[in-house]
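To keep things clear, I will list the structure first and then write my remarks on it.
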Amino acid sequence: MPLHIETPLVCSWPLSLVSGHSTWLKLEALQPPGSFKIRGIGAACEAQVRRGARRLISSSGGNAGMAVAYAGRRLSVPVLVVVPETATETAKERLRLEQAQVIVHGPSWHEANALALSMLEGSDAYIHPFDDPLLWAGHASMIDEVALAGLKPEAVVLSVGGGGLLAGVVQGLQRNGLNRVPVLAVETEGADSLHQSLAAGRLVDLERITSVASTLGAKRVCDRAFECAQEHPIRSIVVSDRLALSACERFLDDHRLLVEPACGASLALAYDRSSELAGFETVLFIVCGGATATIDQIRQWSAKYSS
Ligand SMILES: *Cc1c(COP(=O)(O)O)cnc(C)c1O
């Protein structure tokens, strides 16, 4: 049995009404550690343990770290997560709750990651949050489930951070004969590393991340994400933090599910009746989820934009 669950695929009446398109949701927010990441990370952790890894190491204080911690507990393998000083108390608590060892180090992810890499010993496996073929193959399973359910969407909407989800969904579409189904790849302003790379025609490093959707805050997407845009129809879309936050609040009302702004960014296309959806009758949204959101934080951020 894999570490992820098969998630519900539902047609959302509220989102269909508001967007004017038949709107299907793949509810990855319901994965036990709170996001789709357990699909790929679970597969990667299992593969590493099969190869003899005796400890799993991550440097993510977000959903990737949560997924590694969850996988380690399920596989009875110790997990070490090195997080920067900026990691929230909630994040550290949740990691410890999953029985991970948490080390706090350095002002940003860069320093935390460097320490994590320096601590790697012979029988340890480092689990990257988005740049690993094992991850992409695992993420692709969500599209296998969609295809098996018999749904043939005319477009897929998803969020992009480092591009692992994008790479996995493209792989899933390709291996199910859905090569021509376009992917609408959504980022927030200030975390738009894919958008800027596609505009420049080469991989671009963002100087800093200014979006509240820190989960989408990879300064640079992986090479594979950029390649995907060469071999698959991909439209890159950037939305504001304000729209992403408002989508989170409305989605909570409509479906009683709390997701991060990273996920709200995708849902914003429906709530904002985005012209990017024009011409598509049936649209599949990957509700990627996210365990780091609290409703208080989302309302606080929202209040900043409405004042
Ligand atoms: C990781 C994550 C993303 C972005 O995925 P990438 O593979 O980094 O592009 C989006 N939403 C949520 C909730 C995530 O955890």
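Coordinate-derived values only; no laboratory data. Just so it is clear, the structure is predicted and the values come from calculations on it, not from any experiment. Backbone-built Cβ (ideal geometry, glycine too); neighbour counts: all protein chains shown.
Normalised Debye scattering of the chain at q = 0.10, 0.14 Å⁻¹ gives log10 I(q)/I(0) of -0.50, -1.02, counting only Cα atoms as equal scatterers and leaving out solvent.
Averaged over every viewing direction, what's the projected area of the C-alpha convex hull for the stretch 149-307? Give it in nm², one decimal, please. Walk me through the numbers before you get to the answer.
Numbers: hull surface 38.2 nm².
Convex hull of Cα atoms, orientation-averaged projection: 9.6 nm².
Within a 10 angstrom radius of the beta carbon, how do Ser236, Ser211 rank from fewest other beta carbons to most? Before the final figure, lay out the partial values.
Details: Ser236 19, Ser211 23.
Going from least to most buried by this count: Ser236, Ser211.
Among Gly62, Gly42, Gly122, the largest mean-square fluctuation in a Gaussian network model of the chain, built with springs joining Cα atoms closer than 10 Å, belongs to Gly122. In terms of surrounding Cβ atoms within a 10 Å radius of their Cβ, Met1, Met119, Met142, Met66 rank from fewest to most as Met1, Met119, Met142, Met66.
Kindly rank 103-110, 54-61 from highest to lowest mean number of other beta carbons found within 10 Å of each residue.
On the way: 103-110: 14.9, 54-61: 24.2.
Ranking, from highest mean packing down: 54-61, 103-110.
Loop-only GluC sites (Glu not before Pro) in the stretch 216-307, please: DSSP not H, G, I, E or B, and at most 16 other Cβ atoms within 10 Å.
Values: sites: Glu227, Glu231, Glu249, Glu276, Glu281; in loops: Glu281.
Hits after loop and neighbour filter: Glu281.
When the chain is treated as a GNM with alpha-carbon contacts under 10 Å, the residue of Thr88, Thr282, Thr292 showing the greatest mean-square fluctuation is Thr88. A simple count of charges around Ala87, restricted to other residues whose Cβ falls under 11 Å of its Cβ and scoring Lys, Arg +1 and Asp, Glu -1, yields -1. In a DSSP loop and with at most 14 other Cβ atoms within 10 Å, the GluC sites (Glu not before Pro) in the stretch 154-210 are Glu207.
Centroid-to-centroid, using Cα positions, the stretch 39-93 and the stretch 222-238 are 27 Å apart.
Would you mind ranking Ile38, Ile295 by Cβ crowding within 10 Å, fewest neighbours first? Mind dumping the intermediate values first?
On the way: Ile38 29, Ile295 11.
By the 10 Å Cβ count, ascending: Ile295, Ile38.
How high is the relative contact order of the chain? Use alpha-carbon pairs under 8 Å, at least six apart in sequence, and give a whole percent.
So the answer I get is 20 percent.
Under a point-charge model restricted to the Cβ atoms of Lys and Arg (+1) and Asp and Glu (-1), what is the dipole moment magnitude of the chain relative to its Cα centre, in debye to the nearest 20? With only Lys, Arg, Asp and Glu charged at Cβ, the dipole is about 460 debye. Projecting the Cα atoms of Val77, Ala43, Met66 onto the charge dipole of the stretch 28-162, computed from C-beta unit charges around the Cα centre, puts Val77 farthest toward the positive end.
With charges set only on the Cβ (+1 for Lys and Arg, -1 for Asp and Glu), what does the dipole of the stretch 29-103 come to about its Cα centre, in debye to the nearest 20?
360
How many percent of DSSP beta bridges within the chain run antiparallel, rounded to 5? In the chain, approximately 10 percent of DSSP beta bridges are antiparallel ones.
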